[in-house]
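What follows is a short report on a single structure.
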There are 2 protein chains.
Amino acid sequence: MAKGKRNRGPKARLPRGLRDIGGVEVRATAAMLAKIREVYEAYGFEPLETPAFEYTDALGKFLPDEDRPNEGVFSFQDEDGQWLSLRYDLTAPLARYVAQHWDQLPKPFRRYQWGPVWRNEKPGPGRYRQFTQFDADTVGTPSVAADAELCMLAAETLEALGIPRGSYLIRVNNRKLLDGVLERAGLDPSDSAHSPRRLTVLRAIDKLDRLGVAGVRLLLGEGRRDESGDFTEGARLSEAQIETVLGFVTAGRASPGETLSTIADLVGTSAVGKEGLAELAEMGELLEAASFDAQRVRIDPSVVRGLEYYTGPVFEAELTFEATTTDTTEETGKGSGRIGRSERDDGKDDGKDDGKQMGVVAPTRFGSVGGGGRYDGLVARFKGQAVPATGFSIGVSRLYAALEALDKLGGMAGGDAAAAGPVVVLVMDPERRAEYQQMTMELRAAGLRAEMYLGTAGLRAQMKYADKRRAPCVVIMGEDERARGEVTIKDLEEGARLAAEIADNRTWREARPAQVSVPRDELVQTVAAIVEEKPGRGGA
Amino acid sequence: MAKGKRNRGPKARLPRGLRDIGGVEVRATAAMLAKIREVYEAYGFEPLETPAFEYTDALGKFLPDEDRPNEGVFSFQDEDGQWLSLRYDLTAPLARYVAQHWDQLPKPFRRYQWGPVWRNEKPGPGRYRQFTQFDADTVGTPSVAADAELCMLAAETLEALGIPRGSYLIRVNNRKLLDGVLERAGLDPSDSAHSPRRLTVLRAIDKLDRLGVAGVRLLLGEGRRDESGDFTEGARLSEAQIETVLGFVTAGRASPGETLSTIADLVGTSAVGKEGLAELAEMGELLEAASFDAQRVRIDPSVVRGLEYYTGPVFEAELTFEATTTDTTEETGKGSGRIGRSERDDGKDDGKDDGKQMGVVAPTRFGSVGGGGRYDGLVARFKGQAVPATGFSIGVSRLYAALEALDKLGGMAGGDAAAAGPVVVLVMDPERRAEYQQMTMELRAAGLRAEMYLGTAGLRAQMKYADKRRAPCVVIMGEDERARGEVTIKDLEEGARLAAEIADNRTWREARPAQVSVPRDELVQTVAAIVEEKPGRGGA
């Protein structure tokens, strides 16, 4: 194995934008996913798992550039020359699945799926090229009852994860409203000539949280120069148009009733606008009937996420408590990052000016952990007929970061997330491994995490190992102990330190010495008692 | 969305060798993985997650052909021109991780990881290009106590999944033994001139299960012609050499004591052979001390899995009950499939002759669900120094198939795997959706899976939908019910049929009518009672 290659071996490193995830996060994420699954199951969604890659053409038109298949997505050719791509979200594979199995599916089709997605983009702080999403979608119904239900699902999921009511908000908007406002402002969205300008408007609105009304006003008008001197071209709307758009965008700052009436005034007689209003009203009614009040779900016209993708209601799950974070919202929901990516593609924004996307360093609202909306056109690519659909997507590691900030991970996983290392049975005499193995088995049989030291180093290294593994204690049986028919159980320094943190140090020392010798047949009960006493250190 | 592309849309299909996994399997697999994790945690392993792809050179020399990076693995180039590959197992990424973080890691380093792996190979029945593995490895110790522990882990994992003792066997061999036997037979394995011939010997031994001693004898000699007339070239050993090898390979058929003494005779004075014997003896001692007798773990020299990869002990977890299966053992363990792939690569074997790999149609032992062994050279590629390591890998969907055959999935997942669909609240009057939504919420709050029908179809279609979703019952509130302040709860035909299967049909009908009307405020308790009575149909 060591022959030949030794001197010209590869360097052990990861491609940029990828990361290894350690034990604490893997455990807590697994517990988190299980909790989310529980809620989604209660709502009647069925799990589905699609493979990591698909035919590039099946993943569809939402690729950033179809002529360059490795742009935005990771692509490779099959041996028959057809292009394959790693999925960049879970919605495109769903559309393929639904189109493929349409006749056999119950309609509406309701599925949830979680798993990694990949984006071939420039990585940055907290912006990875592989991340995990957790989606729920209802396909095959135009009823906004399905959209309302996803808002409820989002709220209940966050609460099930321990985020208290009042610390999150599901913000709801409707693409049709903005279209109605733009139409009334003389920018008919059905006229494709206005399409690039409309995108600039969307980008401007998307920056409200960070730049405030004044900044957005500049971006809707001539443009804006940031602190670094970089200039972002504006949408060049007229003063009146700017006022109309800003009036709409900030309408969510009033009470829910006022918000609706402000929006009604702004969309006026626009057919599409009135449709959007009716949909919002119906969603509001359903949410109210199910006791989801404005503290949990609120209309907010400033929500514009991935609007080129959506056809009706859009929603965003936001955490409203303050936190210092440099994470991104890249992975938080369907279609998110689309606008951000476009910004990078046109070369006008190098990321510096992308505070909401790239995170901020001052304490601020934690921000988005998920989002979604209605996309009635996605399955039509295959079917040739419209198949209305709506979905909600959670950015899993973003949500993980939120739960970490709220200190909700330990409790959620029943202590598992904060699990200590195993009890380590030291090997005092390698000839007697069988005996140490036997003790290890006994500890495991009692439901304790336990292992015999498997290396070949001496006692000092073994203690260091146990400490590094965060073992609650080690088990020692040397010649002396054997002669007395006893075992010694020793608390580790780390264990002692942790315990001291939660109680008066002296009290603790008096109550329990740093090491104790007990008869061999009291091994299990003694260790169990020690493990139980340690905070955040559980059994298996 | 529907504009333009409609008529030249892509076909909704999956690349060959990939599959979608439906609700039943996703649920049961998640429960299965949770159970495996529990055991691995108890043994002291820590979870780790590495990304789906790595630098091709970091995945290493075990690629089938380094000059063609897309052969065997799926590869693509990063924008700086460097080759990336989807991982083909979880061991190569572990070696990279360990080499990268060696100084910070506790030693030995013990980690478990599960996740999909990808192989760019010709798909076949039950042979996919994406499948899931679940690995545990101990890196950084030469002690075979680590290997013995993995055998225990394998056995305890299978038992934790409900596979009874006696229905599985962990078969153990040691590469050094075979090397000793070959050395004594005049085929010194350290002489690279013998390397191709040795590989032919390995392939021959690997076919013992299917071809029997007579078939292996032919493959060790001049060669063998199968029923289809295809001829496989043999290893061209002498009669005496053949007898020696066959004597070794079949030594496991005797009692454990006899097996060891037969092997001892065969390896004689070979240094490497004696080392292998000593290692087996030490493993045996440890296993015995931990009460893993020959009913659970047994020495079997016919285990040759991935031997070009391993440097010491190798083991295979085999299910010994009979089952009809056409699944493959492709994904069952570290290094598996390596030999099979070589066979395809050299063009001498088109898969027809690959019964053990490709599955069989007659009832037979279920076969391998996992395996592993010691690979002391893998990390050395990076480090320039040997880092001894050993691991065990489970083929997850293969094991899933086994549990399905044993009917162990339902019980394991606490009924979750066999979960019925949600209770469906029908929408009799779309104007009253808020009311139906309210009922749905009440059912969920009581821990029941429930959903309001979200489509726009009529009553008949709604009933059909509920049936297709395997709903235990539907909730109906039409004008009549509303006038009386009641709701009607209706058992579905499918529900009735299922119930009838487990009890006398008439008894069941008498005990509970197909539908019942109750006061509105008895909705939840009535539905809960119905759901509870249905076998395999649980709450959320």
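The values are calculated or read from the model by the stated rules, or taken from the named source; none is laboratory data. What you see is a predicted model, and the numbers here were worked out from it, not measured in a lab. For neighbour counting, all protein chains shown are included, and Cβ atoms are generated from backbone atoms with ideal geometry for every residue, glycine included. Heavy atoms of the whole protein, side chains included, go into the accessibility calculation; ligands, DNA and RNA do not. Shrake-Rupley method; radii C 1.70, N 1.55, O 1.52, S 1.80 Å.
Annotations for the structure displayed:
- Cβ-vector label at 7 Å, A:ARG197, separations to other copies in nm: 8.3
- Per-copy distances of the A:ALA461 label point, shortest first, in nm (7 angstrom along Cα→Cβ): 7.1
- Drop in accessible area of at least 40 Å² in the complex versus isolated chain, residues of segment B:7-33, 1.4 Å probe: B:PRO10, B:ALA12, B:ARG13, B:LEU14, B:PRO15, B:ARG16, B:LEU18, B:ASP20, B:ILE21, B:VAL26, B:ARG27
- Among chain B residues, the one whose Cβ is nearest the axis of the rotation from B to A, given with its distance rounded to whole Å, is B:PHE76, 2.
- Taking each of A:LYS207/A:LYS383; A:LYS122/A:LYS207; A:LYS490/B:LYS107; A:LYS11/A:LYS408 in turn, the alpha-carbon distance tops 28 angstrom for A:LYS207/A:LYS383; A:LYS11/A:LYS408.
- Residues in segment A:453-495 that, when all protein chains are in place, have 50 Å² or more less accessible area than the chain alone would give (probe 1.4 Å): A:LEU454, A:TYR465, A:LYS468, A:ARG469
- Pseudo-label separations to other copies for A:ASP80 - Cα-to-Cβ vector, 7 Å, nm: 3.7
- Whether segment A:79-190 is rounded, prolate or oblate, judged on the alpha carbon gyration tensor where a/c under 1.5 counts as rounded: rounded
- Between B and A, accessible area buried - total, square angstrom, nearest 100, 1.4 angstrom probe: 9600 Å²
- Accessible-area composition of segment A:51-161, carbon plus sulfur, in percent [1.4 Å probe]: 45 percent
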